[in-house]
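Step one of this worksheet: look at the structure below.
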Amino acid sequence: MLKIKDLHANVEGKEILRGINLEVNAGEVHAIMGPNGSGKSTLASVIAGNETYEVTAGDIFLNGENIEDLSPEERAHNGVFLSFQYPVEIPGVSVTNFMKTAINESRKAKGLEDMPAKDMLKLIRDKSELLEIDRKFLSRSLNEGFSGGEKKRNEIFQMAMLEPKLAILDETDSGLDIDALRIVANGVNKLKSKDNAVVVITHYQRLLEYIVPDFVHVLYNGKIVKSGTKELAMELEEKGYDWIKQEAAV
Amino acid sequence: MAYTEEELKKELETKEYEYGFYTDIESDTFPIGLSEEIVIAISKKKNEPQWMTDWRIEAYRVWEKMEEPDWANVHYEKPDFQAISYYSAPKKADPNKKLEDVDPELLEMYKKLGISVDEQKKLQNVAVDIVVDSVSVATTFKKTLAEKGIIFMPISEAIQEHPELVRKYMGSIVPTTDNFYAALNSAVFTDGSFCYIPKGVRCPMELSTYFRINQAGTGQFERTLLVADEGSYVSYLEGCTAPSRDENQLHAAVVELIAMDDAEIKYSTVQNWFPGNKEGKGGVYNFVTKRALCEKNAKVSWTQVETGSAVTWKYPSCILKGDNSIGEFYSIAVTNNYQQADTGTKMIHLGKNTRSTIISKGISAGKSQNSYRGLVQVSSRADNARNFSQCDSLLMGNECGAHTFPYIEVKNKSAMVEHEATTSKIGEEQIFYCNQRGIDTEKAIALIVNGFSKEVLNKLPMEFAVEAQKLLEISLEGSVG
């Protein structure tokens with residue numbers, strides 16, 4: 001599904017990613033953990049094609065295709081989804097209108113007609129039920145005046161609507177109370193299948209109690225310094241990141 | 001809606017002004033220059049009664065002594081008023097002729113504009129009075145309207161057929177002495193629309209007028225007079241397109257609205273005069289005076305979408321004379337490249353319990369300058385007057401400007417006046433967010449701009465809202481790199 005080889009990336013001349021190697025297969029859930037400033041969000045942005053970051057070396061393959069030259073929207077059309085850590089507000093554009101546009105733009109890229117309104121409504125109904133979203137919420141302006149929890153739930157709702165092959169959840173757990181966390185995690189679990197993959201970026205082990213990863217990677221100083229299974233996450237929770245930093249320094 | 005994304009895409013590909021063609025019609029054009037003789041000649045040409053001629057002459061004499069105002073936040077080379085021809089009529093046009101007799105070239109031009117009279121005729125609920133180069137050549141739906149006693153005709157015809165009404169109301173809201181451009185218009189206006197809605201009549205269709213500048217170097221000076229008698233209702237649409245030209249064209253219109261007791265007028269405008277090219281060359285100068293008088297319990301709503309013109313100077317206003325009267329102003333002003341707009345409104349509260357709402361959305365891109373200028377005035381006897389103003393500016397890029405000049409003058413302690421203003425920028429983060437969801441940058445901007453403008457777009461009649469939405473997208477094409 002996703003294969004990253006020796007990826008280096010800069011922002012404003014400063015090297016943030018210093019040689020990332022990662023392979024994610026269909027049906028897998030990977031967790032990327034690490035202390036603040038280790039490059040987790042940068043990695044997510046670079047995969048999604050954010051041009052603020054400059055890729056200086058290495059390759060990203062999606063289903064065997066090098067996506068270096070693909071624009072962010074083309075990557076999205078190919079099934080990449082990023083749940084943003086800080087979703088932006090777009091005043092006056094309802095969640096429904098935004099999703100309708102997103103879905104039809106992706107369909108257009110694939111040479112398909114717009115989704116019939118009837119199907120769109122059904123999809124919206126199904127997915128909002130799945131995520132326990134009040135439909136009144138969907139006529140509100142995108143992220144405007146949303147609480148932290150609402151924003152994150154909205155991100156996962158969009159994921160459900162777009163049915164990506166590769167979903168990257170960037171700190172989706174931050175700002176969520178325990179009920180919201182449970183709903184979001186349940187949503188992700190329901191969307192998981194053998195045909196798609198999820199990369200969960202998180203600070204804490206808490207979210208991983210709900211979304212159980214197959215693999216856990218520790219990112220530190222722009223590199224993956226340790227990989228393991230879910231037990232690694234528990235170890236990190238217990239011991240913190242200092243021992244990783246020490247190990248990496250050796 | 002018939003409008004599809006494919007059509008939109010096609011339009012976005014056309015970066016040049018899409019209505020920038022020129023139709024070759026033999027014109028009956030006056031020599032350039034302005035004098036009392038020219039004013040009299042215009043009046044004579046139109047077979048006007050003496051009182052009309054005198055009115056024009058008086059206006060001309062006032063204008064002669066006036067200075068062109070320069071307080072607006074716009075900078076341009078002042079037009080040479082002696083280098084303009086003040087009268088031009090399509091030769092073959094004759095208001096008495098049937099549609100079939102109309103110059104086929106004119107009909108062709110309507111088709112290019114997507115407003116062919118043939119099509120318009122078929123459109124239900126829209127009566128169209130089309131002004132091409134100062135003389136109206138086709139009026140439709142007249143009969144249906146006549147049954148209700150509604151008068152809707154070119155103002156030149158109204159001067160002949162309903163002199164008592166025209167004489168009574170013309171200049172009563174915007175006097176000849178009002179300002180430089182209004183005085184000029186009063187002296188030289190060639191045509192425009194007249195509309196009268198009788199007592200208690202609800203106009204059954206949207207009244208619509210398309211204006212168009214065609215003849216090179218011909219200024220166009222329309223005059224619109226709309227009288228809604230007691231308890232009546234009318235919704236009026238005004239839309240403009242102009243062919244692209246290298247030289248500046250002057251447009252100085254006057255619109256007067258009178259809403260008598262319990263009457264309601266909705267006046268909607270989509271303005272798309274040629275804005276000049278990417279280097280800021282050419283384009284229309286649009287200096288317009290629009291004002292409404294509201295009697296007791298009357299209501300007037302101005303809604304405008306301004307995307308065109310090189311220079312815009314326009315303040316549709318409401319004089320809230322009657323108790324409990326309501327004034328509204330909803331505006332979207334888009335400037336791109338080197339366009340300059342100084343637009344807003346005046347809400348003059350004279351009566352008790354008068355209310356006004358101002359929603360202004362300014363969108364600036366390129367190297368353009370976009371200013372909101374508004375006055376809210378509450379007189380000493382206007383007890384319990386209320387105003388709410390909201391001015392939002394959206395900036396695209398780093399080279400444009402957005403300015404807000406709100407003036408508030410309150411002389412009554414019971415007044416409540418609120419003003420809110422915001423300025424935002426279309427951020428890279430917003431664009432990336434849309435991109436990540438599969439929406440390309442052009443479409444993302446359209447989405448963000450439409451969201452920003454929604455409160456105003458919602459105020460437009462349906463068919464106009466679609467057109468306005470298209471215009472917004474075309475106007476901002478290519479403005480974020």
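Quick notes
- Probe 1.4 Å, protein heavy atoms only - accessible area per residue of the protein assembly as shown in square angstrom: 41
- Surface share of carbon and sulfur [accessible, 1.4 angstrom probe, percent] for region A:97-250: 49
- Accessible area that becomes buried as A packs against B, both chains, 1.4 Å probe, Å², nearest 100: 2200
- For region B:371-383, backbone phi angles converted through the Karplus equation (6.51, -1.76, 1.60; θ = phi - 60°) give residue-by-residue couplings of 10, 9, 10, x, 10, 10, 10, 10, 7, 5, 9, 7, 4 Hz, Gly and Pro being listed as x.
- Residue by residue along A:68-75, Cβ atoms of other protein chains within 10 Å of the local Cβ number 4 on average.
- Estimated FRET transfer efficiency when R0 is 45 angstrom, pair B:Lys78-B:Thr357 (beta carbons, to 0.05): 0.80
- Debye, to nearest 20: dipole size of region A:2-249, +1 on Lys, Arg Cβ, -1 on Asp, Glu Cβ: 540
- Near-label residues of region B:173-211 by backbone N, under 16 Å of a point 7 Å along Cα→Cβ of B:Ile57: B:187-188
- In this structure the amide hydrogen of A:Lys226, modeled in the peptide plane, comes within under 5 Å of the amide hydrogens of A:Val218, none closer than 5 places in sequence on its chain.
- Label zone (B:Ser35, point 7 Å along Cα-to-C-beta; backbone nitrogen cut-off 14 Å) within region B:61-82: B:82.
- Most mobile listed residue (A:Ser106, A:Ser139, A:Ser227) in chain A, GNM with C-alpha springs under 10 Å: A:Ser139
- Residues whose placed amide H lies under 5 Å from that of B:Gly374, excluding near-sequence neighbours: B:Thr345, B:Phe405, B:Tyr407
- For the segment B:451-459, counting C-beta atoms of other chains within 10 Å of every residue's C-beta and taking the mean gives 3.
- Projected label points at B:Glu418 and B:Phe405, each 7 Å from Cα along the beta carbon direction, are separated by 2.7 nanometres.
- Cut-off 10 Å between beta-carbons: net charge of the residues surrounding A:Ile4, Lys and Arg +1, Asp and Glu -1: -1
- Each of B:Lys281 and A:His203 was given a label point 7 Å from its Cα along the Cα-to-Cβ line. The distance between the two points is 5.7 nm.
- Cα centre as origin, Lys/Arg/Asp/Glu Cβ charges: the protein assembly as shown dipole, Debye: 1600
- Sorted on the mean count of surrounding Cβ atoms within 10 Å across their residues, most packed first, peptides B:58-64, B:270-276 read B:270-276, B:58-64.
- For the peptides B:35-43, B:413-421, A:26-34, the ranking by packing is A:26-34, B:35-43, B:413-421, with the highest mean count of neighbouring Cβ atoms within 10 Å listed first.
- Furthest towards positive pole of dipole, A:Asn97, A:Gly148, A:Ala197, structure part region A:2-249, Cβ charges: A:Asn97
- Cα-based equivalent ellipsoid of region B:286-365: semi-axis lengths in Å, sorted from largest, via gyration tensor: 28, 11, 8
- The label-point distance for A:Lys190 and A:Asp177, in a model that sets each label 7 Å from Cα toward Cβ, rounds to 2.1 nm.
- The gain in end-to-end length when the A:Glu12 to A:Arg107 segment is fully stretched comes to 30.7 nm, 0.36 nm per residue minus the alpha carbon separation.
- Surface accessible to a 1.4 Å probe, B:Met396 within the full protein complex, Å²: 0
- Rounded to the nearest 500, the helix-only mean residue ellipticity at 222 nm of the protein assembly as shown stands at -8500 deg cm²/dmol, with each DSSP H run of n ≥ 4 adding -39,500 (n - 2.57).
- Inter-chain Cβ neighbour average for residues B:441-450, partner chain, 10 Å: 3
- Residues whose placed amide H lies under 5 Å from that of A:Ile32, excluding near-sequence neighbours: A:Val200, A:Ile201, A:Thr202, A:His217
- Each peptide in B:434-441, B:153-160 was scored by the mean count of other Cβ atoms within 10 Å over its residues; highest first, the order is B:434-441, B:153-160.
- Working note: Cα atoms of chain A, range along each principal axis, descending, whole Å: 60, 40, 34.
- Taking chain A as a Gaussian network of alpha-carbon nodes connected by springs under 10 Å, the highest mean-square fluctuation of the residues A:Asp69, A:Asp195, A:Asp214 belongs to A:Asp69.
- The protein assembly as shown has equivalent-ellipsoid semi-axes of 59, 26, 23 Å, by the square roots of 5 times the alpha carbon gyration tensor eigenvalues, sorted largest first.
- Total formal charge among the other residues, if their Cβ is under 10 angstrom from that of A:Ile20, Lys/Arg +1 and Asp/Glu -1: +2
- Derived scalar couplings ³J(HN,Hα) [region B:411-424; Karplus, 6.51 cos²θ - 1.76 cosθ + 1.60; whole Hz; x for Gly, Pro]: 10, 9, 5, 7, 6, 10, 10, 10, 9, 10, 9, 9, 10, 9
- Taking all protein chains as they are arranged and a probe of 1.4 Å, the heavy atoms of B:Ile474 leave approximately 40 Å² accessible to solvent.
The values are calculated or read from the model by the stated rules, or taken from the named source; none is laboratory data. Keep in mind that this is a model prediction, so the values were computed, not measured. No Cβ is skipped: glycine too gets one built from the backbone with ideal geometry, and neighbour counts run over all protein chains shown. The area values use the complete protein model at the heavy-atom level, side chains included, leaving out ligands, DNA and RNA. Shrake-Rupley method; radii C 1.70, N 1.55, O 1.52, S 1.80 Å.
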